[in-house]
Structures are given as C-alpha cells and as structure tokens.
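Chemist: Supplied in structure tokens, the structure appears directly below.
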Amino acid sequence: MQARGYPAARAIGPARAPAQVSVILPVHDAEPWLDECLGSVLQQDFEGSMELSIFNDASKDKSMTIIEKWKKKLEGSGILVVIGGHESPSPRGVGYSKNQAVAQSSGSYLCFLDADDVMMPQRVRLQHEAALRHPKSIIGCQVTREPPNSTERYTRWINQLAPDQLLTQVFTSNGPTVIMPTWFCSRAWFAHVGPFDEGGRGVPEDLLFFYEHLRKGGGVVRVDQSLLLYRYHPGAATHSVLETTIWAHRVRFLEEQALPHWATFTIWNAGRQGRRLYRSLTAGSQRKVAAFCDVDENKIRKGFYCYEGSQERPKPRIPVLHFRAARPPFVICVKLDLTGGAFEDNLRSLNLQEGRDFLHFS
C-alpha cells in the first residue's frame, strides 16, 4: 500500500516510537466539519500513545489549512501527526485514502474516523480495551445521529442489535452491523483481511472489507456506549453507492455464506422484494426455494409464483403459502418496524432461532 508516486507522508515533530493507537482519517473537502473532528481527537482520554494519520485526497477547499492549524495543538498534547496526500485533479476515493492512511501510520491498533464525525472523549480508551480482549474482531460502538431524527430506523438498528445479531444480521440492506466510522481493530488483523477495495466512487469498500473479515473468521463486537456523533448529510460518500450494487454484493454473499448450509428454504414475502431476491439467485439457489410465504390472502389464494424470465422449461412455479404452513429455514424479505409489530409477532409465534431457522435479508 504505497503512495505510488504521490507525495510522501511526513511526520511532524521528532521521531518517536510506534504509537499504540493510530487514528485513521481520510480527508476530502471536509472544511465544514474538520475543526470539530480534530478537536475530538485532541480530547481523547486514552492514556497510551496515540497518533493521527491523515491522508488528504485532493481536497480543493481549506481542509489543509485547518489541518496545519491543528497540528501544533495535537503535537503539543503528545499526539504525533502524520500527513500524506495528493493534489491530482480528482480524488482517488475513500478506500484508497484509508489504505494510504493506514500504510503511513505506525500504531498497533487502528481507530477509523470520518472527517465529518466527532468522537466522544472515551472512544479510543474503551475500544482499545475491547480490542485487547477480542484480537480478531472489528470493534464498533453505539452512535448519536446528527441531525437527531435523520435516519431514525437505521440508527435504532445500529444501536440495538443484540450481540448475536451482530453476526446473524450481516445480510440485511443496512450493511455492516457495526458501521465503518466506528471501526477499531488491530493492525495485524487489518493486514490479514485487507486492504480496502480502491475502486473509488460507487464502490462499497466498507461492506466488501466487512464481508472478507467474516469470511476469515473475524468477530464483531460493539461497545454499548455512544462514542461517535455520526453525521448525515447529502455530501456523504455513502450516497454515491447505488442500491443495485449493494444488492448484488448481498445476494452473492448470501449464496456463499448461508444457502450452502440449507437443502431447501422458504422466502418470507411473496411480494416485490421476495420475488426480486428469487430472480437474483443463481439457478442452483433458485432450485432450493421450496416456497414463498406471506399473510396476504390474495397472494396465497393464487397459489404460486411463476418466474416468467426463467430459461427453464417448464417455467418454475413456486408455491405461495401462509407462513404457518411454510417450513423453515426462512430468508426474510420483510422490512422490520414497518408492519406495526405484526410481522415480529408472527415470527416470534413460530419459536425459531435466528441464524439457524431464519435470517434477515430485508
């Protein structure tokens, strides 16, 4: 992960021993938020050695001016600052910037931070303690969303997943069960899993890294305190990733990690999302679909779903059953929290175990 011709990172201040924790901060046109972000690095109560590794990805605003202003304050408090970057006409993307920031850093542990977010003072200390106990895990935390009600359902999902659901709900449309701006892990584990995909804008580099982490047996742990102010705004990089791109990666990961363990399964939702999942599966996985299930009497009364786009002859006709007549395991394509609790009540009534008898793809 070298800079490949871009200006070398520079350490500011005298040479020092490697830090215990490196805060990894990619920056691209982050002027509106950088003061608060960098101030939160300064305010950490971690008593070990810490450095800040910044990679400036072709910012055209005053981001570097703000960084230069803060470096003296950070150095004066004993936080080594390492700065790298490039001034090309176009940014290389978040994945590239994170890789470069990691490569130029020295810490045994990596604390990822987005330039538009703010850390609580205890973040590095508490996540470092958790990482020492879980050396092969990504450590996340709860978050406070800003503006407060901008993504209410998503924020609730981030903060309220049970510990076992951090692994059982990895197929959902919400993405990684601990969000990227909260990640903290050992450098050794990052090197084992990474680096991030450097495809640039439109590539879900955090999701791809998270999937690879899980493939290699990594754990997922959340510190159950709000340690990050997580901003929502139109310019966030996540908005550049198309839903269809995310969907394709999710389906392939489902087929790779979950479906091989099941001889047959039922898709819970005979509506648009359930049918879309069926059509997105490979032919081999489609043949494992024993039925759709639903509560909609009109769908159930019809009795089947015919996949008109299939190349098979005769075209597949998949039964549509009431959920009580269907057999697990289930792949659930119902959006949680949108049925007034009715779906959750129906699921609980079956006394199933999440991960073994069902998983969420909603």
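The values are calculated or read from the model by the stated rules, or taken from the named source; none is laboratory data. The shown structure was predicted, so the numbers you read here are calculated from the model rather than taken from an experiment. Cβ sites come from the backbone with ideal geometry, for glycine too, and all protein chains shown count toward neighbours. Only protein heavy atoms, including side chains, enter the accessible area calculation; ligands, DNA and RNA are left aside. Shrake-Rupley method; radii C 1.70, N 1.55, O 1.52, S 1.80 Å.
Chemist: Of all residues in the range 248-279, which are closer than 13 Å to Phe361 by Cα and among the small types (Gly, Ala, Ser)?
Modeler: Within the range 248-279, Ala248, Ala258, Gly274 meet the criteria.
Chemist: Considering only residues that are hydrophobic (A, V, I, L, M, F, W, C) and under 22 Å from the mean Cα position of the chain (by Cα), look in the range 72-101 and name the one that is farthest from Leu38 (Cα to Cα).
Modeler: Val94
Chemist: Filtering the range 156-209 down to residues that are β-branched (Val, Ile, Thr) and farther than 18 Å from Leu113 by Cα, which residue is surrounded by the most Cβ atoms within 10 Å (Cβ to Cβ)?
Modeler: Residue satisfying both the conditions and the ranking: Val170.
Chemist: I'd like to verify a number: residues in the range 306-328 that are modelled with pLDDT of 95 or more, open to solvent by less than 20 Å² (accessible area, probe 1.4 Å) and within 24 Å of Thr282 (Cα to Cα), how many?
Modeler: Final tally of qualifying residues: 3.
Chemist: OK, next. Write out, first by first residue and then by second, each pair whose Cβ atoms fall under 7 Å of each other, whose residues are 6+ apart or on separate chains, and whose first residue, in the range 217-233, is outside any loop (DSSP other than H, G, I, E, B) while the second is among the basic types (Lys, Arg).
Modeler: Final answer for the pair search is Gly219/Lys136; Leu227/Arg123; Leu228/Arg123; Tyr230/Arg145.
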